[in-house]
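The values are calculated or read from the model by the stated rules, or taken from the named source; none is laboratory data. Note that the coordinates shown come from a computational prediction; the quantities given were computed from them, not determined experimentally. With ideal geometry, Cβ positions are generated from the backbone for all residues, glycine too; neighbour counts draw on all protein chains shown.
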Protein chains: 6
Amino acid sequence: MYELGVVYRNITRTDAATADALAGLGSATVHEAMGRVGLMQPTMRPIYAGAMVSGTACTVLLHPGDNWMMHVVAEQIRPGDIVVAAITAECTDGYFGDLLATSFQARGARALVIDAGVRDVKTLTEMRFISSKGTIKATIGSVNIPVVCAGALVHPGDVIVADDDGVVCVPRAMAAKTLEAAKAREANEGEKRDKLASGILGLDMYKMREPLAKAGLRYID
Amino acid sequence: MYELGVVYRNITRTDAATADALAGLGSATVHEAMGRVGLMQPTMRPIYAGAMVSGTACTVLLHPGDNWMMHVVAEQIRPGDIVVAAITAECTDGYFGDLLATSFQARGARALVIDAGVRDVKTLTEMRFISSKGTIKATIGSVNIPVVCAGALVHPGDVIVADDDGVVCVPRAMAAKTLEAAKAREANEGEKRDKLASGILGLDMYKMREPLAKAGLRYID
Amino acid sequence: MYELGVVYRNITRTDAATADALAGLGSATVHEAMGRVGLMQPTMRPIYAGAMVSGTACTVLLHPGDNWMMHVVAEQIRPGDIVVAAITAECTDGYFGDLLATSFQARGARALVIDAGVRDVKTLTEMRFISSKGTIKATIGSVNIPVVCAGALVHPGDVIVADDDGVVCVPRAMAAKTLEAAKAREANEGEKRDKLASGILGLDMYKMREPLAKAGLRYID
Amino acid sequence: MYELGVVYRNITRTDAATADALAGLGSATVHEAMGRVGLMQPTMRPIYAGAMVSGTACTVLLHPGDNWMMHVVAEQIRPGDIVVAAITAECTDGYFGDLLATSFQARGARALVIDAGVRDVKTLTEMRFISSKGTIKATIGSVNIPVVCAGALVHPGDVIVADDDGVVCVPRAMAAKTLEAAKAREANEGEKRDKLASGILGLDMYKMREPLAKAGLRYID
Amino acid sequence: MYELGVVYRNITRTDAATADALAGLGSATVHEAMGRVGLMQPTMRPIYAGAMVSGTACTVLLHPGDNWMMHVVAEQIRPGDIVVAAITAECTDGYFGDLLATSFQARGARALVIDAGVRDVKTLTEMRFISSKGTIKATIGSVNIPVVCAGALVHPGDVIVADDDGVVCVPRAMAAKTLEAAKAREANEGEKRDKLASGILGLDMYKMREPLAKAGLRYID
Amino acid sequence: MYELGVVYRNITRTDAATADALAGLGSATVHEAMGRVGLMQPTMRPIYAGAMVSGTACTVLLHPGDNWMMHVVAEQIRPGDIVVAAITAECTDGYFGDLLATSFQARGARALVIDAGVRDVKTLTEMRFISSKGTIKATIGSVNIPVVCAGALVHPGDVIVADDDGVVCVPRAMAAKTLEAAKAREANEGEKRDKLASGILGLDMYKMREPLAKAGLRYID
């Protein structure tokens, strides 16, 4: 059970090798590999195209119009972290700009995922600092407690994977297994891609014709 | 750590007396008493005006277009429960109608909170069965695992409070303390209401004039 | 092929007995009976609770900010019709008020379905005249051509069913068959409702336990 | 030119007779009588059906998550006022509940128009105190300065008209003229309504057949 | 009359020369040339900037969470087609990724227009495969039946024109005439552009001063 | 007091040096320097990334589906102006394309800010002509009267600042003071940025530790 109004300093992070490896597989494959769960709302996208990052979650809960806690969480960042910020009510205020980004980067953060507005988009892009934007919904409170960010539940130490397809949270206990499953998917897809590129139909490759006929599909010329 | 694709049968529920007592205090007061956290998105409202209910959460995770798990969760309902349904992607499909409501009521459920469409609104209203509607976002999976419903994190056994002001989730470990705090707020508000009704200003009652002046507020005639 | 800028005077309407009978079955059951198609967007709801109506579609296409064609379509109304108005671009302007409602009612219209704003809500409610509201999207043009209203394709002469669950369009050629299927569903549901009310679970009534186990569902105590 | 961080105490209000008379004509007619301007966004609706109110605007600008200024504006309310609250960024926080309503009512306010969330909806409805809800956007600052509420510009002393059709702001300088024009429209509409009810078409009553033919409208049997 | 649950194999496509020529004129000009109809909702945009494509529509209707029919439609694609996918309820699930894109491209498809989420955005962009995204609404069913995609009615064989200004559907019977009208508009616009660039005002070029004065426009210095 | 249906020809513009200097400081800093007011809704963004512009506002009020007034305002443009267009009801119609852009540019306009759709996005981007897009809400009427554009109040002659962070309106009377304050902020931020980049925490630099402890924040290892 977590308490509110508290900064949890010692959190257990997913091991760095696993957290780092997930970026290369992409949020879409990771999402599939977890059984289609953990995806933040589709409005969450990196602020510049082509971003691909993963890291361990360091969470913070803000109240509308107040970014005090952003400074508090800065101190808790460890290299390789992605800060995940949730807010207790929907608010379009801009909570994050280039000053905070400078501080976060100095502490080793790779990105900020926030379900609210940001400012200094141009500078953040130049710094290659990722900040996802969207609308807001949030939950319990404080630093390094579980938060709901853009509809996804994030525990401190979970893995965040963010790219042009979206932002996915991989629970720490599922990270190693998910990495394995995502790699298997990717390996498997290469062969399928070649077959489909040669003109073989998914209907035949996946043997769908019989079940479709059983389900009642008819063809009319 | 929870697993996916699993029905957890033995969950610890908030004690009934606490869960029941929260309904009368209202979601707004309970929300304040918890420190302004736990509120679902403001689009979540009961389907009929005047509803006031609380109960223990029995959670279920659905996939888009599939309500199999609604029948699975029915068996896990205990009298006094409120079923909280989350879906793994936003979808406007109607997952719940009067047949399921009949089954849920027969098992002792007091309400359904679902971040998706429902059908048979007229019948559900006649049955005084509450179903909150809105848009959808969701998380990990299965029955009686933690879910994100309408932006709020709900653990099995938590207390749900729903009325015209919205839907609030009170974590089980905070339920007793929240009840106490909410009662204290309510007792306190009666006296304040009388003063304000007599024309005394909040400016004076809360002694705000000095801090406002210090903050720079000026009056111009 | 339809032309634009034209009023089609002679359209073939669904027979009145079929069109009238669908109201009593409700939009949700009719939607299911058609195979879950034909439903307008979920934001479309009657302006007063408890409305239940069906009738034959008389269609009109408006341009933003211009309700001339509302007067043109008034002349084409036959008793038992529901006017379906689409607009060529999203616009929140109010296109319909109590004067037009008076005229439509005098011509025998039962309702207006419009994916745009209306005014004089209080009067329209007193007249028990149904007008669904929402946001707007539209298509080709003129009076009694096919239009897209709130995401559903409506041909002149189709049946519209509107109540608190939403608005459904039943294509003319499917109307008789849909009525039959909807009646069968309803007859069938009475028996199921009794069983569920007695505490029998859908899991057993629908024999779901075996397929769920095959799909990998596990129970944990 | 207005200053920020200031409470303007002496504002010029529209004369009470004019402000009061507009309620009976309804927001839709008043909106038409002003030339289709001044309407707040269509999401703004009173919290209970059947509300009809008008009054003089007393404005306040809030910052997200902070309702201090609500207490400041309470002191500036004069009997017959409607408080119009704007917020400097979109925020779903609930800024207003039954305690503030009690204070506002004690000071003579007839309603609150706020482009944000409220709480204690049930109590506010019982008090017949109107509070319109929606999403938020705002402007310059302080008490009794011009604000943008739900997309409409409101100056202190303007007239607010609110009912089931929406919320309209009538600029003070246009109030007398608008009242006259709205009365004229209403008188005029009675006669038209009778004609339309008798089956006469708007096409003929408004002599639209010739201009429509000139615009190219054709009829096809 | 179309049936549901059916694949129509022989559809009549707009002739290739007409369908191909429309891309160069752009969706905005084509939309104007058709009389401002046929435009999909403004949220529909290609996934990469600078896209310009047209082709014949090959339609498919999906149910939420199920992309079986995507494989069925792949077999029906002819070179020069654009697949238009509609879904029977709004759902943010990702129905289309690089594997399906590979298959579609191998069959000769130029683009996919889908009113739902896609994945593998980076790869789709590299393949220059266009996929428009947005939210979802849909209609009747199956492959090569009329569907409603993003608010526009699309018949199999119609022409789809997609670029940064949006997505337009040109009905087959209007394609040749629309091409002619769009060319005429474009020719006409060159001359106008030169005049406006030289500083001549639209007020004078379109002879608007007199009608504006008649409509009551006044100038105040 | 402004009148409707009128073109105001002689407006007082902010002096050019002040209006021009604000672009380089950016909308985010200007917004902060004004006390977090004047920002248009966050959906308002330039149509191409990297845009940075400021200029004096020349305002116009349109009615849905009608762009006559766009030609009227063209004549009122002075070099260095930004045209701000508001519409009296939300409407997705495209009111502005490359022909009007050509005319506006010929008259010396630097940008168009419009809370509605535009067409010819590709051409407008090539012309480096900025046009912000979003949804619509509006107010009183005519040319060079105060309008509400995307939630912000704009008077003729105010300064508009637009870049990737959004669009801000600076009232004429506040322009000089805002410029000074924004410059001071920027100067001040350089030193802070260096400190934060060196790893010094905001917690220490802003001396937040004591007030946070007083507010009850606790640390748990």
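Quick notes
- Restricting the range C:44-66 to residues that are within 14 Å of chain F (Cβ to nearest Cβ) and in contact with a Gly (Cβ under 9 Å, 6 or more places away or on another chain) leaves a set whose member that is nearest to residue B:119 (Cα to Cα) is C:61.
- If you go through the range E:204-219 and keep only what is at pLDDT 85 or above and touching a strand residue (DSSP E or B) at 6+ places or on another chain (Cβ under 8 Å), you end up with just E:219.
- For the range A:10-60, residues that are aliphatic (A, V, I, L, M) and either part of a helix (DSSP H, G or I) or within 26 Å of residue A:187 (Cβ to Cβ) (or both) total 16.
- Single unsatisfied condition, residue E:59 versus (1) under 23 Å from residue A:216 (Cβ atoms); (2) over 19 Å from the mean Cα position of the chain (by Cα); (3) not hydrophobic (A, V, I, L, M, F, W, C): (2)
- Listed by first and then second residue, the pairs linking a residue in the range B:209-221 that is at the interface with another protein chain (Cβ under 7 Å from one of its Cβ atoms) and free of Cβ contacts under 8 Å to residues at least 24 places away in the same chain to a residue that is of a type outside the set (Gly, Ala, Ser) and in a helix (DSSP H, G or I), with Cβ atoms under 8 Å apart and 6 or more places separating them unless they lie on different chains, are B:212/B:203; B:212/D:68; B:212/D:72; B:217/D:72.
- Positions within the range E:200-219 being among the small types (Gly, Ala, Ser) and surrounded by fewer than 11 Cβ atoms within 10 Å (Cβ to Cβ), in sequence order: E:215, E:216
- Test: residue D:192 is of a type outside the set (Phe, Trp, Tyr) and more than 30 Å from the chain's Cα centre (by Cα): no
- Selection status of residue D:7, within 14 Å of chain C (Cβ to nearest Cβ) and part of a strand (DSSP E or B): no
- Hits in the range B:61-73 (condition: crowded, with 24+ Cβ neighbours inside 10 Å and not in a loop (DSSP other than H, G, I, E, B)): B:61, B:62, B:73
- For the range C:11-35, a tally of residues being on the phi > 0 side of the Ramachandran plot and surrounded by fewer than 18 Cβ atoms within 10 Å (Cβ to Cβ) returns 1.
- In the range B:55-96, residue farthest from residue B:158 (Cα to Cα) [restricted to those that are hydroxyl-bearing (Ser, Thr, Tyr) and modelled with pLDDT of 85 or more]: B:59
- Within this structure, residue E:26 passes the test of being within 14 Å of chain F (Cβ to nearest Cβ), under 16 Å from residue E:180 (Cα atoms) and modelled with pLDDT under 90.
- Residue E:179 vs. criteria closer than 30 Å to residue E:56 by Cβ, touching a Ser or Thr at 6+ places or on another chain (Cβ under 8 Å), modelled with pLDDT of 85 or more and in a helix (DSSP H, G or I): yes
- Condition check for residue C:194: more than 14 Å from chain E (Cβ to nearest Cβ) and surrounded by 22 or more Cβ atoms within 10 Å (Cβ to Cβ): no
- Taking the numbered list (1) outside any helix (DSSP H, G or I); (2) hydrophobic (A, V, I, L, M, F, W, C); (3) at the interface with another protein chain (Cβ under 10 Å from one of its Cβ atoms); (4) surrounded by 23 or more Cβ atoms within 10 Å (Cβ to Cβ) in turn, residue A:84 passes all entries but (3).
- Check on residue A:153, modelled with pLDDT of 85 or more, at negative phi and assigned to a strand (DSSP E or B): no
- Of residues in the range F:31-54 being in contact with a helix residue (DSSP H, G or I) (Cβ under 8 Å, 6 or more places away or on another chain) and farther than 19 Å from residue F:147 by Cα, the one modelled with the highest pLDDT: F:53
- Subset tally (residues that are among the hydrophobic types (A, V, I, L, M, F, W, C), away from chain B (no Cβ under 14 Å) and crowded, with 20+ Cβ neighbours inside 10 Å) for the range C:152-191: 9
- Any hit, the range E:165-175, residues being free of Cβ contacts under 8 Å to residues at least 60 places away in the same chain and among the small types (Gly, Ala, Ser): yes
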